[in-house]
2 protein chains.
Amino acid sequence: MSAEATAPGTSKVLVPTMADAVVQRLRALIVSGEFRPGERLVEERLSEMFGVSRPPLREALRILQRDGLVQSLPRRGFIVIPITADDVREIYSLRFALERMAVELGMPVLDPNRLQPMRDALEDMRVAAEEMNDEAAVEANSRFHAALVSLPGHKRLIDTYEGLRLQLELCMGYNLKFREQMFGDRKDMHPRHAQLLESIETGDKEAVLYEIAHHGNASLLENLDDLIGTGG
Amino acid sequence: MSAEATAPGTSKVLVPTMADAVVQRLRALIVSGEFRPGERLVEERLSEMFGVSRPPLREALRILQRDGLVQSLPRRGFIVIPITADDVREIYSLRFALERMAVELGMPVLDPNRLQPMRDALEDMRVAAEEMNDEAAVEANSRFHAALVSLPGHKRLIDTYEGLRLQLELCMGYNLKFREQMFGDRKDMHPRHAQLLESIETGDKEAVLYEIAHHGNASLLENLDDLIGTGG
DNA sequence: CTTTTGACTACTGTATACAATTTTCTGAGA
DNA sequence: TCTCAGAAAATTGTATACAGTAGTCAAAAG
């Protein structure tokens, strides 16, 4: 999801703005854990760091605020959003509701070509599991679910889901234990998703709904308080 | 939903910023239909209109972009978001998914006091229906549903829902026919919501889910293309 | 020794000014 | 009359500069 919308019908060469460039770099720094949750984001320091002046930097921060990655404290500036155990529970519950909605609206999939992104992600997932490449596995998993949610072609659904994805990436970025827990079921990852995709292809909506409702992460959610600390 | 977050625990006197003030005034102008969907929002004209300089105005626009009321076209400025029939379908389908989620997470309601906002809204709805005051009915209806969604205390759920609420208000603001259709079931409005609240109070989750799934608006969704025009 | 008050520092909020790009208007040619 | 090129106008993107507020630390009073 880009921060800016492209004008429909136009296929001109879009000149990326400074603010957009800053969004991408800053987002990467945040989700990678370079900036830790709760950390203050001092504008002057960041503007110097990125080589831009403060106005575009502030715009970038507003965009990241929309994505749910930073928080604005009036007259006190921006901080990286502090994610608590309760926040993670929120993210997972909302994620489930959105995926369920995607399945209910998107199935049956009439045009098989629309499933190609999911097939590609699944294949990448298989390779990543084979090579024990967690980084690639995370990426493929992310892409698989994004493709699932994209099935109904529902813009608001996609955007909302994207925000949650970024916040989960942030969790993984700043908390290695969290990241580990997310892949406690590392071996099952590919088979489970393969099963899910097959159920989608055969049009077995009930099976798909059951599978996403029990889509692992039970152990993760149970250990959340130990991983992050209780919210408040 | 405020654009800025208040620091938890602090009850200081918050100095409202120019940008926040502009957000409120501009939002009112947009949802009331003063600015029509698709209309360009020229920064200099607006900054003159509100008596602020362009930087805080641009920040206000970014905040409204987050709420889904305006759209940013790179190097071409901001426009009021053009809402098509498909957009309204998106809004309604997402709304349903979120309300269902709220019911599933929030029921049973252990503390009866948490239902008070819904009771208040329902009472206001009854009075509004009695007085044939559509304005008040809209407001009470909005508040009832917001209270429903607030039951689980799920911040992300509430924020997402709030964005949809504003967009629906925008629809009603700029399209009188649309507004009329939304209250084609004007007489049923109060009884239906009273029934809904009763089911919540008695803890009949199945009944509640059934009711929000069939919560009117069928005729509205059928006539959308005539009301707005097909999206693209 | 504790508490309170004051000034100081750092930072955000805002305004003005300039640069770069897009859009529009004008005019010539087909 | 329509199309295309070029220039001018309008508007966005960005930088610099200043004002105002919140947080901090020290000094003085209790």
**OP:** Search the range B:95-112 for residues being among the hydrophobic types (A, V, I, L, M, F, W, C) and in contact with a Pro (Cβ under 7 Å, 6 or more places away or on another chain), and hand back the single one that is nearest to the other protein chains (Cβ to nearest Cβ).
**Re:** B:105
**OP:** State all residues of the range A:79-111 that are touching an Asp or Glu at 6+ places or on another chain (Cβ under 8 Å) and farther than 21 Å from residue A:221 by Cβ; if no residue qualifies, say none.
**Re:** A:79, A:80, A:109
**OP:** For the range A:145-170, enumerate the residues that are away from chain B (no Cβ under 12 Å) and basic (Lys, Arg).
**Re:** A:165
**OP:** For the range A:45-59, state whether one or more residues are within 12 Å of DNA strand C (Cβ to nearest atom), open to solvent by 40 Å² or more (accessible area, probe 1.4 Å), within 26 Å of the chain's Cα centre (by Cα) and more than 14 Å from chain B (Cβ to nearest Cβ).
**Re:** no
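Among the residues that make up the range A:124-132, is at least one of them small (Gly, Ala, Ser) and assigned by TED's automatic domain parsing to the domain that holds residue A:171?
Here is the first cut: in the range A:124-132, the ones small (Gly, Ala, Ser) are A:128-129.
If we keep only those that are assigned by TED's automatic domain parsing to the domain that holds residue A:171 as well, we get A:128-129.
Yes.
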**OP:** Mind telling me which of the residues A:41, A:110 ends up being surrounded by fewer than 17 Cβ atoms within 10 Å (Cβ to Cβ) and farther than 27 Å from residue A:181 by Cα?
**Re:** A:110
Original post:
Of all residues in the range A:1-44, how many are modelled with pLDDT of 85 or more, within 20 Å of the chain's Cα centre (by Cα) and more than 8 Å from DNA strand D (Cβ to nearest atom)?
Top reply: 17
**OP:** Output the residue which, of all residues in the range B:60-77 that are open to solvent by 10 Å² or more (accessible area, probe 1.4 Å) and under 22 Å from residue B:224 (Cβ atoms), is modelled with the lowest pLDDT.
**Re:** B:68
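Which count do you get for residues in the range A:158-193 that are modelled with pLDDT of 90 or more and more than 15 Å from residue A:114 (Cβ to Cβ)? Steps first, please.
Start the filter on the range A:158-193 by keeping residues that are modelled with pLDDT of 90 or more, which leaves A:158-167, A:190-193.
After this cut, where a residue has to be more than 15 Å from residue A:114 (Cβ to Cβ) as well, the list is A:159-167, A:190-193.
Residues in the range A:158-193 being modelled with pLDDT of 90 or more and more than 15 Å from residue A:114 (Cβ to Cβ): 13 in total.
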Original post:
Just for the range B:78-87: of the residues that are at pLDDT 90 or above and in contact with a helix residue (DSSP H, G or I) (Cβ under 7 Å, 6 or more places away or on another chain), which one is farthest from DNA strand D (Cβ to nearest atom)?
Top reply: B:80
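Could you please let me know if residue B:27 is more than 11 Å from chain A (Cβ to nearest Cβ), closer than 30 Å to residue A:58 by Cα and assigned to a helix (DSSP H, G or I)?
On the way: more than 11 Å from chain A (Cβ to nearest Cβ): yes; closer than 30 Å to residue A:58 by Cα: yes; assigned to a helix (DSSP H, G or I): yes.
Answer is yes for this residue.
The values are calculated or read from the model by the stated rules, or taken from the named source; none is laboratory data. Every value quoted in this text rests on a predicted model; they were computed, and no experiment measured them. Positions of Cβ are backbone-derived with ideal geometry, glycine not excepted, and every protein chain shown enters the neighbour counts. Side chains included, ligands, DNA and RNA excluded: accessible areas come from the protein's heavy atoms. Shrake-Rupley method; radii C 1.70, N 1.55, O 1.52, S 1.80 Å.
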